[in-house]
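The structure appears right after this line, and notes come after that.
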Amino acid sequence: MSITLDGQAATTGASERLSTRIVFFAAGLAMAAWAPLVPYAKTRIGIDEGTLGLLLLALGAGSLVAMPLTGAIAARYGCRLVILVALAVVCAILPSLAYLSSWMTMAFALFLFGAAIGTVDVAINIQAVIVEKASGRALMSGFHGFFSLGGIVGAGLVSLLLRLHWSPLGAAVGVAALLVLLALVSSRGLLRQGDGSHGDSPFALPHGIVVLIGALCFVVFLAEGAMLDWSALLLVTQRDLQPSLGGIGYAVFALAMTLGRFSGDRVVQRFGPRPIMVIGGICAAAGFVIGAMVPSTAATLLGFALVGLGCSNIVPVLFTAAGRQHAMPAGAAVSAISTLGYAGILAGPAAIGWIAHMSSLPLAFVMLGVALMAVAASARFVVAGR
């Protein structure tokens, strides 16, 4: 089946849909594989928590540098070349993260790793927009569901290998080998042509409706980042849960998000994108309020599940909207909103920490609920493309 994207015809079919799912899975796998290696890196380099936090900023900085550029590069050279080169960099860098012992070399490696992951993320979302348009039906939630599934598998696989007494380097090499296999399997269905529409500027500055879409992505990713970094602390400090069990909050959130995404395409196809944003935003907002304000561990976990379920399909709907608007070329729009969304993940820990310091952590979660209500209220503007 063929579709016109920004003036160029792109032919897609079952192979392209499968390859899109595989690369989303690979991106989630690669990103999550790093998380269990962090404590080993801290011990190996010999740094404290504060220095580690600064070191980890290198990964985010790499992504933020690469993401705005990827749309222009993919427009010129096609998604296939961009994705395969970026995955090759990921596979080359990942093992080094398990043995480098200097904070300077580790910072440089994390910067390259983050840049490669960010490049894959933007390029595969560009392909996803094209493939979804060509199919004539909702696919984006399922694509993002494979990213979530990859994250679960990546963190679980590396943790399992380490528990089986593999060395960190051995575990990283094993994941890199799996990523090579996924790249080879997916290569046939990756789009070779660029759309040639990005313009002369390598940067994608959002304008028109893309500014609103990007701002909403920022809010939703901010909420996801808050769940990643602060859900355990809320359970431990406010619900008296044992520190060893604190991670259950994020696990509940991630599982609900993954399940929501795999069922999301059918829901979007039946009810349309606007109800997804409205109901999803309200559901996530209610989850933050319940999780923060009801003094019960069970209620807090229920709230976290509602956050995951509510947020699960908002971002896929926003990426679809970015591909359908006419204020900017689709590739440029995807680059712009990806960058803004990732900035939300990076800003989340600091923003929530500042609010919690000035008032309390439950109040910070309630304020996130208010922000998600604003996402729900913006649905009609996003869907209308105004």
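The values are calculated or read from the model by the stated rules, or taken from the named source; none is laboratory data. On a predicted model such as this, the values are computed, not experimentally measured, just so you know. Cβ placement follows ideal geometry from the backbone for every residue including glycine, while neighbour counts extend to all protein chains displayed.
Quick notes
- Subset of the range 256-311 [of a type in the set (D, E, K, R) and under 20 Å from Leu228 (Cα atoms)]: Arg261
- Scanning the range 126-172 for residues that are among the small types (Gly, Ala, Ser), more than 26 Å from Arg80 (Cα to Cα) and at pLDDT 90 or above gives Ser167, Gly170, Ala171.
- Of the residues screened, Val131 is not one that is part of a helix (DSSP H, G or I) and over 30 Å from His326 (Cβ atoms).
- 2 or more residues without any contact (Cβ under 8 Å) to a residue 24 or more places away in the chain: qualifying helices (runs of 4 or more DSSP H) within the range 5-89: 38-45, 49-77
- Residue count for the range 128-176 under the criterion of being of a type in the set (D, E, K, R) and surrounded by fewer than 18 Cβ atoms within 10 Å (Cβ to Cβ): the result is 2.
- Restricting attention to the range 354-386 and to residues that are more than 19 Å from Phe221 (Cα to Cα) and in contact (Cβ under 8 Å) with a residue 60 or more places away in the chain, the residue that is surrounded by the most Cβ atoms within 10 Å (Cβ to Cβ) turns out to be Val383.
- Of the residues making up the range 109-133, those that are touching a Gly at 6+ places or on another chain (Cβ under 8 Å) and either farther than 20 Å from Tyr77 by Cα or among the basic types (Lys, Arg) (or both) are Leu110, Phe111, Leu112, Phe113, Gly114, Glu132, Lys133.
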